[in-house]
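The values are calculated or read from the model by the stated rules, or taken from the named source; none is laboratory data. Values in this document were obtained by computation on a predicted structure and should not be read as measured data. Here the Cβ positions follow ideal geometry from the backbone for every residue, glycine too, while neighbour counts run over all protein chains shown.
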C-alpha cells in the first residue's frame, strides 16, 4: 500500500475547537468558533483569525477567553462559527450562552463551557492573534484530583478531512513516561 497525496491543505489532526469570548465597547458578549489555534508557549496561545466582530472587540478590550468546545454544546459551538456577530448582535444569547465576567481579564467566561483560558492580547498582526494566558479556570464538575478531567470535560476536535466534530477517545499512554522504556 502506498500513500495518498492530498496536496497542500490544513489537515492537522486533532484540531481543537476553540470558542473565543470577547466583549464589545458596550460590554455585550460575543463568541466565535476558531479551529486554527494552539498553545505556543507555557503562557501563550496563538490563533489564526481573519476579520470578525471578535477582532473588532480584541482591538477595543485587549482581552479574550478561549473555551474548549464540548460534546454537550456542539450545536451552539458550531453556530457561533457560522454566524457573524456583525449581522446578529445577539449571537451569544441565540446560541444559548450566558456570560460571567472573568476575574482576570475584560472578557466573558461562557457559563455553558466548563473550561477556559483567560487571556490578554499580546499582539494581533496579519491575522495572527497571540495571547498571554493569564489564568485557566474550570468548573468543579470537570475536575478530578485537582486536574481537568478530559472524560468529564468532553472536549471535541475538528476533523478538517471530513468537516466533522469528533469526541476524544480513551487514554492510550503516559506522556513523559512510556518512552523511557526505550532509553
| request: State all residues of the stretch 15-55 that are at pLDDT 95 or above, assigned to a loop (DSSP other than H, G, I, E, B) and out of contact with any helix residue (DSSP H, G or I) (no Cβ under 7 Å at 6 or more places or on another chain); if no residue qualifies, say none. | output: 26, 27, 28, 42, 43
| note | Apart from one, (1) under 20 Å from residue 24 (Cα atoms); (2) buried (at least 16 other Cβ atoms within 10 Å of the Cβ) all hold for residue 157; the odd one out is (1)
| message | Kindly evaluate residue 70 against the criterion of being within 17 Å of the chain's Cα centre (by Cα) and farther than 29 Å from residue 141 by Cβ. | response | no
| request: Pull up the stretch 135-154, narrow it to residues that are more than 15 Å from the chain's Cα centre (by Cα) and within 19 Å of residue 104 (Cα to Cα), then point me to the one that is surrounded by the fewest Cβ atoms within 10 Å (Cβ to Cβ). | output: 140
| request: Name every residue in the stretch 55-75 that is free of Cβ contacts under 8 Å to residues at least 40 places away in the same chain and within 21 Å of residue 27 (Cα to Cα), in order of residue number. | output: 56, 57, 60
| remark: Restricting the stretch 6-39 to residues that are under 17 Å from residue 91 (Cβ atoms) and without any contact (Cβ under 8 Å) to a residue 12 or more places away in the chain, the one surrounded by the most Cβ atoms within 10 Å (Cβ to Cβ) turns out to be 27
| field | Within the stretch 88-110, considering residues that are over 12 Å from residue 31 (Cβ atoms) and modelled with pLDDT of 95 or more, the one surrounded by the most Cβ atoms within 10 Å (Cβ to Cβ) | value | 105
| request: Could you tell me whether any residue of the stretch 65-78 is crowded, with 21+ Cβ neighbours inside 10 Å and either in a loop (DSSP other than H, G, I, E, B) or at pLDDT below 95 (or both)? | output: yes
| query | Of all the residues that make up the stretch 135-183, how many are touching a residue at least 60 places away in the same chain (Cβ under 8 Å), within 30 Å of residue 120 (Cβ to Cβ) and not in a loop (DSSP other than H, G, I, E, B)? | reply | 6
| message | Filter the stretch 80-105 down to the residues that are in a loop (DSSP other than H, G, I, E, B), closer than 19 Å to residue 65 by Cβ and touching a residue at least 24 places away in the same chain (Cβ under 8 Å) and list them by number. | response | 85, 95, 97, 102, 103, 104, 105
| request: Kindly provide the set of residues from the stretch 106-133 that are without any contact (Cβ under 8 Å) to a residue 60 or more places away in the chain and assigned to a strand (DSSP E or B), ordered by number. | output: 115, 118, 120, 123, 125
